[in-house]
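Report on the following structure.
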Amino acid sequence: MSTDEKNPLQGANPSPPETISATVNQDDIDALMAASVDATETVGDTAVSQDDIDALMDLVGTPSNTLSVPSSEPKRGDQKVGRSDAVSVDLLNQDRVARSRMPTMEVLNDRFARAFRGSLFNYLRVNADIIPTSAQMTKYGDFIGKIALPSYFVMVSMTPLRGSMLFILDPYLCYAVIEAFFGGNGKLEPKLEGRDFSVIEQRVFNQIIDHAIADFTSAWDPIVKLQMKVTRSDVKAQFVGIAASPEIVVASSFEIEMERWRGKFFVCFPYHSVEPFREQLISGVAADQTEMDATWKTALHKDIQDACVEATVLLAARNITFGEASKLQAGDIIPFDKPDIATLFVEDIPIGDGRYGVSNRKYALCITQYRSPDEEDILKAVQIKKE
């Protein structure tokens, strides 16, 4: 085979849009080897490179002995992309939840840890170091499967949020609480396997959970006002399930060390319960402020006092039917009884009642009783403003 012949196998850059098939035998290999020796004497693209020879050597061992040059197959860098690289996506799978960090959750956990530390000291009279870990979103089955037994599980409702949450004391923390409460010295190794908690021990655990609920509610006040209540407690996780195994939950753990004892405290709730507040939990808007800024309070109070508002007085009102209103014409008189008391409205919110009359040749109102606006009045005024 001569190098002057137009062999599609020659050249470092074969035409990509076409697919070429040729039978490769030993004679072709020998010819190409000879062509490579004379490559220095050839000019242009008739030289055969070592890469071409290596590629042909690999093709000799293939069952079909056929050389195929792909036409227009998409590439990712130097690697070709084929059907095997396609990944199926299930839009109904909850694994699609973004595994982003939640800075506000870390702030809330830190605030809860500080408050819970004080509660443990007041109840057990033992100094406790509580180290919160970052909140993680994981499957409920994976989370509950890692909890050591026998642990103490407490299911708590979280009104107004949907669903329930779990407070969990692991076996070592249960042992630590009992030892600290009854004055143990912590020298004996805990025997946890096959051990059940007595009624007295469960009462002690419930007291700890009550303190934890109060501290957790206080920590979450900047996000949502929770009204939490214990609904069930047990030592087996299957009796206090708060979600299905594949559902996503937000789980936080706290390392608690009390002098000679150490254990873990877990808080877990479904992700869909706090999903309405996801933006707040990710953006970190809930600042950790425990004291009110007096300067800011004074400035805000002064600005509010200087704000201009619209005050109106309802002298009289009468209800008529739509049919009567449709027949009204200019000059018609609507009779009504003169009331003794009129209502004062500020920005459509009733704030007081009084007697009306004339003062300095102007209509005036003498307030005799102030009202305390309730939530319904404020919402009604806001609706009127919107309309």
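Within the range 119-167, being among the small types (Gly, Ala, Ser) and more than 18 Å from the chain's Cα centre (by Cα) holds for 119, 128, 141, 145, 148, 151, 157.
When residue 179 is tested against (1) at pLDDT 90 or above; (2) over 15 Å from residue 255 (Cβ atoms); (3) in contact with a Gly (Cβ under 7 Å, 6 or more places away or on another chain), just one condition goes unmet, and that condition is (1).
Please tell me if residue 225 is over 19 Å from residue 204 (Cβ atoms) and in contact with a strand residue (DSSP E or B) (Cβ under 7 Å, 6 or more places away or on another chain). Criteria not met by residue 225. Within the range 249-257, the presence of a residue that is within 23 Å of residue 115 (Cβ to Cβ) and outside the structural domain of residue 151 (by the TED database) is excluded. The C-beta contact set for the range 128-142 (first residue assigned by the TED database to the domain that holds residue 167, second residue of a type in the set (Lys, Arg), distance under 9 angstrom, 6+ apart or interchain) comprises 128/117; 129/117; 130/114; 130/117; 134/101; 135/101; 136/99; 137/99.
Among 166, 120, 161, 149, which is the only one that is farther than 13 Å from residue 254 by Cα and modelled with pLDDT under 90?
Testing whether each residue is farther than 13 Å from residue 254 by Cα and modelled with pLDDT under 90 leaves just 149.
Scanning the range 187-201 finds one or more residues that are closer than 14 Å to residue 235 by Cα and in a helix (DSSP H, G or I).
Being open to solvent by 60 Å² or more (accessible area, probe 1.4 Å), on the phi < 0 side of the Ramachandran plot and among the aromatic types (Phe, Trp, Tyr), is that true of even one residue in the range 158-174? Taking every residue of the range 158-174 in turn, at least one turns out to be open to solvent by 60 Å² or more (accessible area, probe 1.4 Å), on the phi < 0 side of the Ramachandran plot and among the aromatic types (Phe, Trp, Tyr).
Counting only helices (runs of 4 or more DSSP H) that sit completely within the range 266-380, those holding 3 or more residues that are of a type in the set (A, V, I, L, M, F, W, C) correspond to 294-305.
Which residue is farthest from residue 313 (Cα to Cα), if the candidates are limited to the range 364-378 and must be surrounded by 10 or more Cβ atoms within 10 Å (Cβ to Cβ) and at pLDDT below 85? Only one residue fits best here, namely 374.
Applying the condition of being among the aromatic types (Phe, Trp, Tyr) and over 23 Å from residue 381 (Cα atoms) to the range 315-355 and asking which residue is surrounded by the most Cβ atoms within 10 Å (Cβ to Cβ) yields 336.
Candidates are the residues of the range 129-155 that are in a strand (DSSP E or B) and of a type outside the set (A, V, I, L, M); the one that is most open to solvent (accessible area, probe 1.4 Å) is 136.
The values are calculated or read from the model by the stated rules, or taken from the named source; none is laboratory data. Fair warning: this is a prediction, and the values are worked out from it, not measured in the lab. When we count neighbours, we look across all protein chains shown, and the Cβ atoms used for this are built from the backbone with ideal geometry, even at glycine. For accessibility, only protein heavy atoms count, side chains too; no ligands or nucleic acids. Shrake-Rupley method; radii C 1.70, N 1.55, O 1.52, S 1.80 Å.
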